[in-house]
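Just below is one structure, and these are the notes that go with it.
The values are calculated or read from the model by the stated rules, or taken from the named source; none is laboratory data. The shown structure was predicted, so the numbers you read here are calculated from the model rather than taken from an experiment. Cβ atoms come from the backbone with ideal geometry, glycine included; neighbour counts cover every protein chain shown.
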């Protein structure tokens with residue numbers, strides 16, 4: 001088994017098609033198929049079900065895919081770290097984040113991390129919650145700050161804070177008359193603007209699930225790509241938008257009201273790879289515990 005075979009298998013697993021995988025790898029299909037076959041022979045188990053369209057992974061194949069992602073991610077980290085040490089460059093520490101955490105505790109936390117670990121070259125990469133899990137497993141980021149829970153056994157999830165939700169409404173409309181907390185039921189009949197439009201599941205589904213659980217029936221649902229667009233549309237009176245309370249700092253030309261229901265929250269979640277013993281991750285966790293950056297974002 002070699003790294004080339006792992007890369008070949010990952011391409012097939014992602015594309016669910018040998019032809020497309022071969023095109024992605026810029027090789028012919030027969031040698032690709034042969035390498036996967038040799039891999040299966042070495043392991044003594046089938047990894048892919050070739051008779052299905054698209055190609056499906058066996059249970060063993062799914063496990064192998066998860067492990068292969070981690071192996072290649074660690075190899076890339078090792079290559080990068082070794083090169084940087086040899087060139088006497090700082091270590092890279094990559095943080096994935098969803099945009100709304102920039103309005104809560106993330107900026108303060110990163111400033112403290114820079115102060116405590118000046119040897120780090122901290123990279124901040126905006127990515128959706130659903131994108132952070134594969135990014136962690138592939139070694140593209142070291143930690144992620146997300147909004148959606150997951151069930152991946154290879155990624156450790158820590159809920160830092162349950163942030164209360166608010167509704168952004170157009171100024172001059174009936175919902176903007178009061179500053180008192182509003183009940184979810186009062187949002188029935190409104191056009192609801194949600195984000196992000198894709199990929200799913202996302203924060204949009206989190207909001208729609210909360211509304212459905214309370215039997216809130218909107219006039220319609222308008223899906224957009226990002227929170228900035230959503231709030232801009234609220235300002236044009238295109239609808240209302242439910243956002244984390246910290247994000248109310250983003251625009252002053254709309255009206256914000258807290259939501260009464262205590263279950264109307266969105267978690268801020270810290271994710272990192274299982275068994276990652278990095279001292280910088282330990283330092284980050286300690287700064288979160290000591291600083292309370294995510295303990296109260298309202």
Query raised in the report: In the range 52-72, which residues are out of contact with any helix residue (DSSP H, G or I) (no Cβ under 8 Å at 6 or more places or on another chain) and over 17 Å from residue 15 (Cβ atoms)?
Result: 59, 63, 67
Report summary line: If we keep only residues of the range 184-200 that are in contact with a strand residue (DSSP E or B) (Cβ under 9 Å, 6 or more places away or on another chain) and part of a loop (DSSP other than H, G, I, E, B), then the residue nearest to residue 251 (Cα to Cα) is 195
Report task. Kindly check whether there is at least one residue in the range 188-195 that is surrounded by 16 or more Cβ atoms within 10 Å (Cβ to Cβ) and either outside the structural domain of residue 287 (by TED's automatic domain parsing) or within 18 Å of the chain's Cα centre (by Cα) (or both). Result -> yes
Query raised in the report: Does residue 149 meet the test of being at pLDDT 90 or above, part of a helix (DSSP H, G or I), surrounded by fewer than 16 Cβ atoms within 10 Å (Cβ to Cβ) and in the same structural domain as residue 257 (by TED's automatic domain parsing)?
Result: no
Query raised in the report: Would you say residue 108 is modelled with pLDDT under 90 and in a helix (DSSP H, G or I)?
Result: no
Query - Residues that are in a strand (DSSP E or B) and within 20 Å of residue 248 (Cβ to Cβ), drawn from the range 152-183 - result: 160, 161, 162, 163, 164, 165, 166, 167, 168, 169, 170, 182
Requested in this report: Would you check which residues across the range 81-93 are assigned to a strand (DSSP E or B) and either loosely packed, with under 13 Cβ neighbours inside 10 Å or modelled with pLDDT of 80 or more (or both) and list them?
Outcome: 92, 93
Query raised in the report: Looking at the range 245-257, is at least one residue on the phi > 0 side of the Ramachandran plot and either over 23 Å from the mean Cα position of the chain (by Cα) or in contact (Cβ under 8 Å) with a residue 24 or more places away in the chain (or both)?
Result: no
Report summary line: Out of (1) farther than 27 Å from residue 231 by Cβ; (2) touching a strand residue (DSSP E or B) at 6+ places or on another chain (Cβ under 7 Å), the one residue 96 does not meet is (1)
Query raised in the report: Among (1) surrounded by fewer than 13 Cβ atoms within 10 Å (Cβ to Cβ); (2) in contact (Cβ under 8 Å) with a residue 40 or more places away in the chain; (3) not in a loop (DSSP other than H, G, I, E, B), which single condition is residue 115 missing?
Result: (2)
Query raised in the report: Restricting the range 212-260 to residues that are more than 22 Å from residue 103 (Cα to Cα) and out of contact with any strand residue (DSSP E or B) (no Cβ under 7 Å at 6 or more places or on another chain), which is surrounded by the most Cβ atoms within 10 Å (Cβ to Cβ)?
Result: 216
Query raised in the report: Do we have any residue at all in the range 136-146 that's assigned by TED's automatic domain parsing to the domain that holds residue 283 and exposed (fewer than 14 other Cβ atoms within 10 Å of the Cβ)?
Result: no
